[in-house]
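Following: one structure in structure tokens, then a few remarks.
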Amino acid sequence: GAVVSQHPSRVICKSGTSVKIECRSLDFQATTMFWYRQFPKQSLMLMATSNEGSKATYEQGVEKDKFLINHASLTLSTLTVTSAHPEDSSFYICSATPLPRGGLTPEQYFGPGTRLTVT
Amino acid sequence: AQSVTQLGSHVSVSEGALVLLRCNYSSSVPPYLFWYVQYPNQGLQLLLKYTSAATLVKGINGFEAEFKKSETSFHLTKPSAHMSDAAEYFCAVSPNTGGFKTIFGAGTRLFVKA
């Protein structure tokens, strides 16, 4: 159980175009989903926290107009990289936290990641 | 404020040797602590978690970690390394007061020599 999928796994796009990445919790409902960015050989950098039905909370330094996050349902969150540039090339990982169930600890379940390359 | 420090960006052990990956945390409230493993070009997989129950936590693949409040540490160990253990390991901390925002350490790359 607790599987999170991401689509696509890899995407190459041209500079100036937009790219949408989907994050789905397959066998549980997630009130909260997180979007991370990971540079080569580095740790995960939290970009934003996405709550179903409300606006995402962005971390300091992350451009909300560039990285659009939508959490339309309890099983789906999307990250759209608008007007992508080569410096946006990175590994993007989402995670999901299940609905609280009395004593459930807040571990996150991670998607497999999406490799974005902007040419 | 919370933070996590992983001592050593690279650790190399021989196959069959003890694995010890160090993690120290800082938290103003009682924390939840996690160890995750990441294989190349993949997401993170939870190895184990500390949630204020037993201080010695056993996880998957033979790993375990001990929560030591006096030392603010949560080191990850495995008695005997396998080649398949070679990966990136992340220690993470999250407050147990809600919010669930998790802070990750910088990661430790484990190399296993034959």
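The values are calculated or read from the model by the stated rules, or taken from the named source; none is laboratory data. Every value quoted in this text rests on a predicted model; they were computed, and no experiment measured them. Cβ sites come from the backbone with ideal geometry, for glycine too, and all protein chains shown count toward neighbours. Surface accessibility is based on the protein's heavy atoms, side chains included, excluding ligands, DNA and RNA. Shrake-Rupley method; radii C 1.70, N 1.55, O 1.52, S 1.80 Å.
Just a few scattered comments:
- Sole residue being under 22 Å from A:F39 (Cβ atoms), in contact (Cβ under 8 Å) with a residue 40 or more places away in the chain and of a type in the set (S, T, Y), chosen from B:T51, B:T77, B:T72, B:T5: B:T5
- The set of residues from segment B:43-66 being surrounded by fewer than 19 Cβ atoms within 10 Å (Cβ to Cβ), touching a strand residue (DSSP E or B) at 6+ places or on another chain (Cβ under 9 Å), more than 21 Å from B:S80 (Cα to Cα) and within 10 Å of chain A (Cβ to nearest Cβ) comprises just one member, B:S52.
Residue by residue, here is whether (1) over 10 Å from the mean Cα position of the chain (by Cα); (2) farther than 27 Å from A:V3 by Cα holds:
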| position | (1), (2) |
| --- | --- |
| B:A1 | yes, yes |
| B:S27 | yes, yes |
| B:G43 | yes, no |
| B:A54 | yes, no |
| B:E64 | no, no |
| B:T77 | no, no |
| B:C91 | no, no |
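- Residue in segment B:4-18 that is open to solvent by less than 60 Å² (accessible area, probe 1.4 Å), hydrophobic (A, V, I, L, M, F, W, C) and in contact with a Leu (Cβ under 6 Å, 6 or more places away or on another chain) present: yes
- Listed by position, the strands (runs of 3 or more DSSP E) enclosed by segment A:39-100 that each have at least 3 residues that are under 26 Å from B:F90 (Cβ atoms), within 14 Å of chain B (Cβ to nearest Cβ) and in contact with a Phe, Trp or Tyr (Cβ under 8 Å, 6 or more places away or on another chain) are A:44-51, A:90-98.
- Residue match in segment B:86-95 (condition: surrounded by fewer than 17 Cβ atoms within 10 Å (Cβ to Cβ) and at pLDDT below 95): no
- Selection from segment A:4-40 of residues that are exposed (fewer than 14 other Cβ atoms within 10 Å of the Cβ) and not small (G, A, S): A:P8, A:R10, A:I12, A:K14, A:T17, A:L26, A:D27, A:Q29, A:F39, A:P40
- Taking the criterion of being open to solvent by 30 Å² or more (accessible area, probe 1.4 Å) and touching a residue at least 12 places away in the same chain (Cβ under 8 Å), the residues of segment A:46-63 that qualify are A:N51, A:E52, A:G53, A:S54, A:E59.
- The numbered conditions (1) away from chain A (no Cβ under 13 Å); (2) open to solvent by less than 20 Å² (accessible area, probe 1.4 Å) are all true for B:H75 except (2).
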